[in-house]
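**Student:** Attaching a single structure in structure tokens format; questions to follow.
The values are calculated or read from the model by the stated rules, or taken from the named source; none is laboratory data. These numbers were taken from a predicted model, which means no experiment stands behind them. Because the Cβ atoms are built from the backbone with ideal geometry, glycine has one as well, and the counts that use them run over all protein chains shown. The area values use the complete protein model at the heavy-atom level, side chains included, leaving out ligands, DNA and RNA. Shrake-Rupley method; radii C 1.70, N 1.55, O 1.52, S 1.80 Å.
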Amino acid sequence: MRKNIVAGNWKMNTTLAEGVGLAKDVNEALKGIDAKCDVVICVPFTHLASVAGVIDSKLGLGAENCADHVKGAYTGEVSAPMVASTGAKYVILGHSERRQYYGETSEILKTKVNLALAENLTPIFCIGEVLEERENGTFLDVVTKQIEEALFDLSAEEFGKLILAYEPVWAIGTGKTATAEQAEEMHAHIRGVIAGKYGQEVADNCSILYGGSCKPSNAKEIFEKPNVDGGLIGGAALDCASFMGIVTAF
Ligand code: 13P
């Protein structure tokens, strides 16, 4: 059966010293509790190797992106093999900020997913609608299309290695959270889309996380929904106590 997961996405925050300090704090805090979910931190590329050196196996480590090429003359890019060589096990792909600000298309993301899987990295694949799509009622179709375009060339076995994260763009960093009902509606829809392509078992085994202004104060209500299997946490992951407040919502 699918896992519950709380993953932090630090985005472009923290210096190396601050990030290593935060990772140590989360690592220590985790030791003191019997967490009912897997816990992952996704950190800037520059921090990966150092963070890998200070955390225990109980805390998962991931990158926030990887390149759409394996190696070569791509100045400034970081490949999936490079990410894997640091000890990271996860990689966020398709975050709305990457789609919006860096022009990442479904075609590009398809390549990135394949390269990540080839390195045994677990993609945390993000999908979600913008406000206009929420308001004009096309949000379910938009998310269906994002999944179909980037992921439906995968085999069932490959798809089974993914984690999905539903992040309504209008709820990211805005303090405006989707209601638990809105999250559940979308998560159930996503599971149905997966079941339609890969069958009910693959769909039931897929962890689908919610992301968008998730905080200790609202995590429990959202995580209680049957199709919500945890969260992808931005701002609240930058503070150890807030992040742990979300982890312990399970
Ligand atoms: P916030 O939790 O800051 O809204 O960010 C969510 C997010 O984008 C996680 O990937």
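**Student:** Suppose we keep only residues that are within 12 Å of the ligand (Cβ to nearest atom) and open to solvent by 30 Å² or more (accessible area, probe 1.4 Å) within the stretch 173-197. Which one would you say is nearest to residue 121 (Cα to Cα)? Break it down stepwise before answering.
**Tutor:** Just the residues of the stretch 173-197 that are within 12 Å of the ligand (Cβ to nearest atom), to begin with: 173-178.
Next, only the ones that are open to solvent by 30 Å² or more (accessible area, probe 1.4 Å) stay: 173-177.
Details: 173: 27, 174: 30, 175: 31, 176: 31, 177: 29 Å.
Looking at the filtered set, the residue picked out is 173.
**Student:** Something else now. Considering only the stretch 81-97, state which residues are hydroxyl-bearing (Ser, Thr, Tyr) and under 15 Å from residue 161 (Cβ atoms).
**Tutor:** Start the filter on the stretch 81-97 by keeping residues that are hydroxyl-bearing (Ser, Thr, Tyr), which leaves 85-86, 90, 96.
Result: 90, single match.
**Student:** Might you check whether a residue that is of a type in the set (Phe, Trp, Tyr), closer than 22 Å to residue 207 by Cα, crowded, with 16+ Cβ neighbours inside 10 Å and in contact with a helix residue (DSSP H, G or I) (Cβ under 6 Å, 6 or more places away or on another chain) occurs anywhere in the stretch 122-140?
**Tutor:** Taking the stretch 122-140 first, the residues of a type in the set (Phe, Trp, Tyr) are 125, 139.
Next cut, closer than 22 Å to residue 207 by Cα only: 125, 139.
The next check asks that each one be crowded, with 16+ Cβ neighbours inside 10 Å; those that pass are 125, 139.
Adding the requirement that they be in contact with a helix residue (DSSP H, G or I) (Cβ under 6 Å, 6 or more places away or on another chain) leaves 139.
The answer is yes, given that some residue of the stretch 122-140 is of a type in the set (Phe, Trp, Tyr), closer than 22 Å to residue 207 by Cα, crowded, with 16+ Cβ neighbours inside 10 Å and in contact with a helix residue (DSSP H, G or I) (Cβ under 6 Å, 6 or more places away or on another chain).
Listed here are the residues, each with its yes/no results for (1) of a type in the set (A, V, I, L, M, F, W, C); (2) surrounded by fewer than 18 Cβ atoms within 10 Å (Cβ to Cβ); (3) at positive phi.
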site	(1), (2), (3)
7	yes, no, no
11	no, no, yes
16	yes, yes, no
24	no, yes, no
41	yes, no, no
51	yes, no, no
56	no, yes, no
61	yes, no, no
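**Student:** Let me ask something else about it. I'd like to verify a number: residues in the stretch 127-139 that are under 17 Å from the mean Cα position of the chain (by Cα) and at positive phi, how many? I'd like the intermediate steps shown before the answer.
**Tutor:** First, pick out the residues of the stretch 127-139 that are under 17 Å from the mean Cα position of the chain (by Cα): 127-129.
If we keep only those that are at positive phi too, we end up with 128.
So the answer is 1.
**Student:** Continuing with this model, one more query. If a residue must be over 21 Å from the mean Cα position of the chain (by Cα) and hydrophobic (A, V, I, L, M, F, W, C), how many such residues does the stretch 11-28 contain?
**Tutor:** Of the residues in the stretch 11-28, 2 are over 21 Å from the mean Cα position of the chain (by Cα) and hydrophobic (A, V, I, L, M, F, W, C).
**Student:** Test residue 195 against the criterion of being touching a Pro at 6+ places or on another chain (Cβ under 9 Å), without any contact (Cβ under 8 Å) to a residue 60 or more places away in the chain and not in a strand (DSSP E or B), and give yes or no.
**Tutor:** In short, no.
**Student:** Would you mind telling me which numbered condition in (1) surrounded by fewer than 18 Cβ atoms within 10 Å (Cβ to Cβ); (2) under 21 Å from residue 176 (Cβ atoms) residue 156 fails?
**Tutor:** With respect to (1) surrounded by fewer than 18 Cβ atoms within 10 Å (Cβ to Cβ); (2) under 21 Å from residue 176 (Cβ atoms), residue 156 is out only on (2).
**Student:** Another one. Test each condition in (1) more than 20 Å from residue 209 (Cβ to Cβ); (2) in contact with a Phe, Trp or Tyr (Cβ under 6 Å, 6 or more places away or on another chain); (3) aliphatic (A, V, I, L, M) for residue 43 and report the one that comes out false.
**Tutor:** (1)
**Student:** Restricting to the stretch 159-168, name every residue that is of a type outside the set (Gly, Ala, Ser) and either open to solvent by 50 Å² or more (accessible area, probe 1.4 Å) or near the ligand (Cβ under 9 Å from one of its atoms) (or both).
**Tutor:** Within the stretch 159-168, the first condition is being of a type outside the set (Gly, Ala, Ser), and the residues that meet it are 159, 161-164, 166-168.
161, 167 - these are the residues of the stretch 159-168 that are of a type outside the set (Gly, Ala, Ser) and either open to solvent by 50 Å² or more (accessible area, probe 1.4 Å) or near the ligand (Cβ under 9 Å from one of its atoms) (or both).
**Student:** Can you tell me which residue is nearest to the ligand (Cβ to nearest atom) among those in the stretch 63-73 that are of a type in the set (A, V, I, L, M, F, W, C) and touching a residue at least 24 places away in the same chain (Cβ under 8 Å)?
**Tutor:** Step one: of the stretch 63-73, the residues of a type in the set (A, V, I, L, M, F, W, C) are 63, 66-67, 70, 73.
Retained after the next criterion (residues that are touching a residue at least 24 places away in the same chain (Cβ under 8 Å)): 63, 66-67, 70.
Values: 63: 13, 66: 16, 67: 19, 70: 25 Å.
Here the residue is 63.
Residue by residue, here is whether (1) within 16 Å of the ligand (Cβ to nearest atom); (2) within 29 Å of residue 142 (Cα to Cα); (3) modelled with pLDDT of 95 or more holds:
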{"site": "20", "(1), (2), (3)": "no, no, yes"}
{"site": "59", "(1), (2), (3)": "no, no, yes"}
{"site": "75", "(1), (2), (3)": "no, no, yes"}
{"site": "93", "(1), (2), (3)": "yes, yes, yes"}
{"site": "98", "(1), (2), (3)": "yes, yes, yes"}
{"site": "102", "(1), (2), (3)": "yes, yes, yes"}
{"site": "110", "(1), (2), (3)": "no, yes, yes"}
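**Student:** Looking at residue 210 and the list (1) open to solvent by 60 Å² or more (accessible area, probe 1.4 Å); (2) within 11 Å of the ligand (Cβ to nearest atom); (3) of a type in the set (Ser, Thr, Tyr), which single condition is not satisfied?
**Tutor:** (1)
**Student:** Can you tell me how many residues within the stretch 15-41 are in contact with a Ser or Thr (Cβ under 9 Å, 6 or more places away or on another chain) and basic (Lys, Arg)?
**Tutor:** 1
**Student:** Further question on the same structure: If you go through the stretch 226-250 one residue at a time, how many are of a type outside the set (S, T, N, Q) and assigned to a loop (DSSP other than H, G, I, E, B)?
**Tutor:** Keep residues of the stretch 226-250 that are of a type outside the set (S, T, N, Q), which gives 226, 228-241, 243-247, 249-250.
Filter again for assigned to a loop (DSSP other than H, G, I, E, B), leaving 226, 228-229, 234, 239, 249-250.
Residues flagged as of a type outside the set (S, T, N, Q) and assigned to a loop (DSSP other than H, G, I, E, B) within the stretch 226-250 amount to 7.
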